[in-house]
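Here is the structure we will look at, set down as structure tokens.
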Amino acid sequence: MLFFSYFKDLVGQEVTVELKNDLAIRGTLHSVDQYLNIKLENTKVVDQDKYPHMLSVRNCFIRGSVVRYVQLPKDGVDVDLLHDAARREARGG
Amino acid sequence: MATATGLESLVDQYISVITNDGRNIVGYLKGFDQATNIILDESHERVFSTKEGVQQHVLGLFIIRGDNIGVIGELDEELDASLDLSELRAHPLKPVVH
């Protein structure tokens with residue numbers, strides 16, 4: 001629940017999603033769901049020469065189970081707020 | 001709505017699916033469910049290689065199990081038509097490692 005809420009707050013920001021097959025896709029976070037499936041808009045594959053497989057894709061749906069990392073803008077995170085929320089969640093609250 | 005990441009907006013669209021074994025399958029999305037199982041019509045697989053251009057293998061009507069799906073991309077048909085697939089050289093995508 002925590003990360004679902006967290007990603008909902010990040011909608012509209014530009015993120016780079018790195019997948020478990022090493023593919024990295026940069027785009028604007030459009031939406032997220034309970035499985036942490038991610039929809040990105042205006043996508044561009046990082047290293048397009050190596051991965052031309054998605055050259056004509058501009059919007060995509062990424063299944064949560066294949067995400068390795070979601071790279072965020074440095075000031076896209078209020079670390080203290082997140083830290084507090086995580087502490088509360090860990091406590092079971 | 002930020003919470004409604006359904007595939008509904010992609011139904012009847014031309015999409016590109018990247019599967020967990022590194023395959024790229026293109027077709028029209030006809031249906032889906034909560035597990036991301038999908039029905040793809042008029043589908044064909046695009047095989048990339050470093051030696052020759054992209055090969056297309058016609059598959060027809062397929063159901064792809066959600067477990068096996070990585071990415072579903074909305075293909076811009078105009079952009080896609082302007083691509084010269086015979087000139088593209090690339091290593092095939094790596095399989096997903098959990």
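The values are calculated or read from the model by the stated rules, or taken from the named source; none is laboratory data. Since the structure is predicted, the reported quantities are computational estimates derived from the model, not experimental observations. Using ideal geometry, Cβ is built from the backbone for each residue, glycine included, and neighbour counts are taken over all protein chains shown. Calculation scope for accessible area: heavy atoms of the full protein, side chains included, ligands and nucleic acids excluded. Shrake-Rupley method; radii C 1.70, N 1.55, O 1.52, S 1.80 Å.
Among the numbered conditions (1) closer than 23 Å to B:ASP67 by Cβ; (2) in contact with a Phe, Trp or Tyr (Cβ under 7 Å, 6 or more places away or on another chain); (3) not polar (S, T, N, Q), the only one that A:TYR51 does not meet is (2).
Go through the stretch B:80-98 and count every residue that is in contact with a Leu (Cβ under 9 Å, 6 or more places away or on another chain) and either in a strand (DSSP E or B) or open to solvent by 80 Å² or more (accessible area, probe 1.4 Å) (or both). Steps first, please.
Initially, the stretch B:80-98 is screened for residues in contact with a Leu (Cβ under 9 Å, 6 or more places away or on another chain), giving B:80, B:83, B:88, B:93-94, B:96.
Keeping just the survivors that are either in a strand (DSSP E or B) or open to solvent by 80 Å² or more (accessible area, probe 1.4 Å) (or both) gives B:94.
Residues that pass the stated criteria total 1.
Of the residues making up the stretch A:43-74, those that are within 19 Å of B:ASP80 (Cα to Cα), under 17 Å from the mean Cα position of the chain (by Cα) and more than 7 Å from every other protein chain (Cβ to nearest Cβ) are A:THR43, A:LYS44, A:VAL45, A:VAL46. For the stretch A:22-42, the set of residues classified as surrounded by fewer than 21 Cβ atoms within 10 Å (Cβ to Cβ) and either on the phi > 0 side of the Ramachandran plot or at the interface with chain B (Cβ under 9 Å from one of its Cβ atoms) (or both) consists of A:ASP22, A:HIS30, A:SER31, A:ASP33, A:GLN34, A:TYR35, A:LEU36, A:ASN37, A:ASN42, listed by residue number. Of all residues in the stretch A:53-93, those satisfying the criterion of being among the hydrophobic types (A, V, I, L, M, F, W, C) and outside any helix (DSSP H, G or I) are A:LEU55, A:VAL57, A:CYS60, A:PHE61, A:ILE62, A:VAL67, A:VAL70, A:LEU72, A:VAL77.
Residue pairs whose Cβ atoms lie under 9 Å apart, separated by 6 or more positions or on different chains, with the first residue in the stretch B:67-79 and free of Cβ contacts under 8 Å to residues at least 24 places away in the same chain and the second outside any strand (DSSP E or B), are B:ASP76/A:SER56; B:GLU78/A:SER56; B:LEU79/A:LEU55; B:LEU79/A:SER56.
Identify, please: which residue in the stretch B:37-79 is at the interface with chain A (Cβ under 7 Å from one of its Cβ atoms) and open to solvent by less than 20 Å² (accessible area, probe 1.4 Å) and is, among those, modelled with the lowest pLDDT? I'd like the intermediate steps shown before the answer.
Initial filter on the stretch B:37-79 (at the interface with chain A (Cβ under 7 Å from one of its Cβ atoms)): B:48, B:69-76, B:79.
This time we only want the ones that are open to solvent by less than 20 Å² (accessible area, probe 1.4 Å), so: B:48, B:69-73, B:75.
Details: B:PHE48: 90, B:ILE69: 97, B:GLY70: 96, B:VAL71: 97, B:ILE72: 97, B:GLY73: 96, B:LEU75: 94.
Filtering first and then ranking leaves B:PHE48.
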